[in-house]
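Only one structure is covered here, and it is reproduced in the block below.
The values are calculated or read from the model by the stated rules, or taken from the named source; none is laboratory data. Remember, it's a predicted structure, so these values are computed and weren't measured experimentally. With ideal geometry, Cβ positions are generated from the backbone for all residues, glycine too; neighbour counts draw on all protein chains shown. Remember, those area values only see protein heavy atoms, side chains included, never the ligands or the DNA or RNA. Shrake-Rupley method; radii C 1.70, N 1.55, O 1.52, S 1.80 Å.
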Amino acid sequence: MPSISRRQFLAISATSALTTTAGCQTTSCTPINPGVARWPQARSTALNTNAVPDQPTLTAGGDYWTTTLADDIDITGLVAANNTAVVAGHTPGEHNGILTTVKLDDGASDTTHQLNRRPTGPPALVGSIAVIPVLGDFTDPSTGGLVALDTASWTTTWTHDAAGRPNPPTVADGLLVATSDHGDVTALDASAGDTRWTRTFGDDHQRASIPAPPAVDDDYVYITADGSAAQGIYALDRETGETQWEIPGPNVPEPLVRAGDVVLASYDRYELVAFDAASGERQWSKAIYDGDLFAPVVGHSRVFSADKETVYTLALENGDVHWEQTLDVAGSPLVVGESVVVPTTDRIMGLNIEDGSELWAVSEAFSTGCIPVSRGLLYTSENTVTLRTNCD
């Protein structure tokens, strides 16, 4: 997997483009320096809370820069840590992909690394190492695994192969948990890739799908499985992988969220349920009448849940509803400071966490990523990455 410079990448692709435009797009706003980022994996932390409640609340702001990738690149995922965003992408119909680092302060991308396997989602960052979920090579695309690349040298640190399509990995301290839609759950050393333990859900006739990245706390790895031989919610011992408790039956396609004393699960239709994290005992539930739930978000002792038509805010302790807001929701919300950011079909909106009132809106169709930095918001649309920051 050779590394190629930005200039070389542009030269070898007739339709390639990687350009940056900087500055505010309105005359009334001077966007401020973005600061740093703390979003190194798909849902911020290993608990899957999708929240940074201790960061400044976002304002309407202005565009700080926009970086455009090649016209034929679809962005697969976006993460960011410190002063660097890492963007994964691929060309539709091709089995390869790219990984690009983008500086937060000016949107510059010095190098683009060419992958010979197609990424399936955002990477997870372990220091300078990006661990990317990828499909198998063109001879066996139904398999997959992880590739760990050091973004400082663009060298492969380790690889891990798995059956089936891999989910984005979950990293907790030095532990990395890899899962796939073919029933594999493997705990690895995050830096070296050595296997600590592995589990397979299902049987010889049918593997169960692990549909989403797990949540990981100090004691357990929380996963969901979907299949005729294994279906439900499972808490696995973090050190051994042995099952500590399970809830047979529910189909939970979205990531579990670990917060407070509970694990939150969005059933495939009509219900958000909280289970005791230590025992699996059911604590409370909320009927969601429109169905098709996104994964919940937790911040400020509140749960923000959404289906495609409504955002709900509930008390983490007992599930009591604080407020509801009708929107055309396109993705899971995220909590930033005292606001909840909601991707909709034609805008990205900031809502007040207290009453759901609109704080600001950006007219931009949501694509594959929307993550905060300390004083702004990174989002993708088609083949572009834009950083929008608060104003002076």
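Per residue, how much accessible area does the chain have with a 1.4 Å probe, in Å²?
Computed with neighbouring chains in place, this is 39 Å² per residue.
With unit charges on the beta carbons (Lys and Arg positive, Asp and Glu negative) and the dipole taken about the Cα centre of the chain, which residue among V385, I210, S339 sits farthest to the positive side?
Of the options given, the answer is V385.
Compare P333, P56, P343 in a GNM of the chain, Cα atoms joined below 10 Å, and give the one with the largest fluctuation.
In this elastic network of the chain, the residue with the biggest mean-square fluctuation among P333, P56, P343 is P56.
If the elastic network links every pair of Cα atoms under 10 Å, which of L264, L188, L293 fluctuates the most in the Gaussian network model of the chain?
Its mean-square fluctuation being the largest, the pick is L188.
What's the percent breakdown of Cα-Cα distances in the stretch 106-182 across 5 Å bins, shortest bin first?
Result, from short to long distances: 3, 17, 26, 24, 17, 9, 4, 1, 0 percent.
If you roll a 1.4 Å probe over the stretch 116-173 with all protein chains in place, what percent of the accessible area is carbon or sulfur?
Taking all protein chains in place, the stretch 116-173 shows 48 percent carbon and sulfur surface.
From the convex hull of the Cα coordinates of the stretch 146-280, what is the mean projected area in square nanometres?
In nm², the orientation-averaged hull projection of the stretch 146-280 is 8.4.
Of the heavy-atom accessible surface of the stretch 186-272 (probe 1.4 angstrom), what whole percent is carbon and sulfur?
Whole-percent figure for carbon plus sulfur exposure: 37.
Residue-wise, which Karplus ³J(HN,Hα) couplings in Hz belong to the stretch 222-237, taking 6.51 cos²θ - 1.76 cosθ + 1.60, θ = phi - 60°, and x for glycine or proline?
9, 10, 10, 10, 9, x, 5, 8, 7, 8, x, 10, 10, 9, 9, 4
When the dipole is taken about the Cα centre of the stretch 290-358, and only Lys, Arg (+1) and Asp, Glu (-1) are charged at their Cβ, what size is it in debye, to the nearest 20?
Roughly 240 debye, rounded to the nearest 20.
Over the chain, calculate the relative contact order: mean separation of alpha carbon pairs under 8 Å at least 6 apart, over the residue count, as a percent.
Value for the chain: 16 percent.
Towards the positive end of the charge dipole of the chain, with charges on Cβ (+1 Lys, Arg; -1 Asp, Glu), say which of T195, N116, A225 has the farthest Cα.
Towards the positive end, the residue furthest out is N116.
Per residue, how big is the convex hull of the stretch 112-156 when only Cα atoms are used? Give it in Å³.
67
When the dipole is taken about the Cα centre of the chain, and only Lys, Arg (+1) and Asp, Glu (-1) are charged at their Cβ, what size is it in debye, to the nearest 20?
It works out to roughly 920 debye.
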